[in-house]
1. Nearest 20 debye, what's the magnitude of the dipole of the stretch 23-266 about its Cα centre given +1 on Lys and Arg Cβ and -1 on Asp and Glu Cβ?
2. Under unit Cβ charges (Lys, Arg +1; Asp, Glu -1), what dipole magnitude, rounded to 20 debye, does the stretch 34-144 have relative to its Cα centre?
3. Report the residues of the stretch 225-247 in range of a label on Leu37: point 7 Å along Cα→C-beta, backbone N strictly under 11 Å from it.
4. Just to confirm a number: summing +1 for Lys and Arg and -1 for Asp and Glu over residues other than Leu265 whose beta-carbon lies under 14 angstrom from that of Leu265, what do you get?
5. Could you please report the charge total around Gly158, scoring K, R as +1 and D, E as -1 over all other residues with beta-carbon less than 11 angstrom from its beta-carbon?
6. If you average the alpha carbon positions of the stretch 19-40 and of the stretch 236-255, how far apart do those two centres end up, in angstrom?
7. What fraction of the DSSP beta bridges in the stretch 23-266 is antiparallel, stated in percent and rounded to the nearest 5?
8. Equivalent ellipsoid semi-axes for the stretch 287-356, as square roots of 5 times the alpha carbon gyration tensor eigenvalues: give them largest first, rounded to whole Å.
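Each reported figure results from applying straightforward, stated rules to the coordinates on display, with no laboratory input. Quantities reported herein were computed from a predicted structural model and do not represent experimental measurements. All Cβ positions, glycine included, derive from the backbone under ideal geometry; neighbour counts span all protein chains shown.
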Amino acid sequence: MKSAMHLVSQTLLMGPGPSNVSEGVMRALGRPTIGHLDPRFIAVMDEVTSMLRTLFGTENELTIPLSGTGSAGMEACFVNLIEPGDRVLILQNGVFGVRMADVAARLGAEVDVVEFEWGRPVTVARAEEALFGADYRLVGIVHAETSTGVKNPVQEIGNLVRETGALYLVDTVTSLGGIPVDVDQWAADAVYSGTQKCLSCPPGLAPAAFSARAQAVLRHRSSKVPNWYLDLSLLSSYWEGAKRAYHHTAPINMVYALHAALSGLLEEGVEEVHARHCDAHNYLSDQLEKLNLDLFVEPGARLPMLNAVAIPSGVDDAAVRSRLLSDFGIEIGAGLGPLAGKIWRIGLMGHTARRANVDRLIAALGKLL
Ligand SMILES: *Cc1c(COP(=O)(O)O)cnc(C)c1O
């Protein structure tokens, strides 16, 4: 009998993630599984953390890939840095800002949210007013809002957060590997990402980095981190130092895959990779114009790796997406929340960010519309 697996076939992934995985990364994934304390694996781990520091733009010692997807990275940041009653401010303009507020509230934080219109960036003026309005332990923002295709001004906000003394948490799930991420320059105390967006790995790891300030907050907690699996003080004894202690079994093969993805990225050159994302985005934007399709976000705030496209009136959103997949082998994303039915989300992430892929999508859309 045939299993469901026989239907799985190569698909051009132009949605909000996962993105297409390169053959090199696939080969790395298939290398022999070895022990998680094998010195040969520890050498791989050390190269991964070193490459992550380069890509994050940080010298933070505690820079590691957490086991789990991007949301595990989010959860790890809050669960380690927040205690019940702490005041948290979330600058929110999409699904992932909403998720941040939910995660923080579940931990007993007193959460304030400043909401910005979905599809528009966080503005420094309104953020500033809120930032100095209370004594916040932590301020959270999403760099690249995948739900809307908006880039937020994380450097400018970071400059202000530093003045307030709060910890600064930035979600870089979609931005890392697609646009510049400069953790130390932003003065970000905690950042997390995911492997399946612009790093073009399968989903499964959440690279994260924590500043010395964040680590100090962690050391001076009055209560234990209420989540054993994501407790950074336990995890760091596996990822750092001369003597490695077992905490949980690392997803060995995913770490190989991340190693291959990071190596490939650094070999191509970080700036070159960012330029390739920009080029694919500009090309897409030109081609969409020819189909009379408009981008939803204002030019200055657009993300190259996530393009929100306004769905023309009279077009059946779900039918187009479903035929793209069944007839052309191309996946694009739907709108979420208030933008459901209003936008498509076209991803140009990592390995997928190439003109040839844009051509395939535009040809297919041209036939369907
Ligand atoms: C995808 C994404 C997440 C969540 O990551 P998962 O891997 O789906 O858990 C968080 N933040 C942003 C900005 C994302 O795009």
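1. Here the size comes out at about 680 debye.
2. 240 debye
3. Those under the cut-off are 244-247.
4. After counting each charged neighbour, the total is -2.
5. Every neighbour counted, the sum reads -4.
6. 16 Å
7. Among the beta bridges of the stretch 23-266, antiparallel pairing accounts for roughly 40 percent.
8. Taking √(5λ) for each eigenvalue gives 18, 17, 12 Å, largest first.
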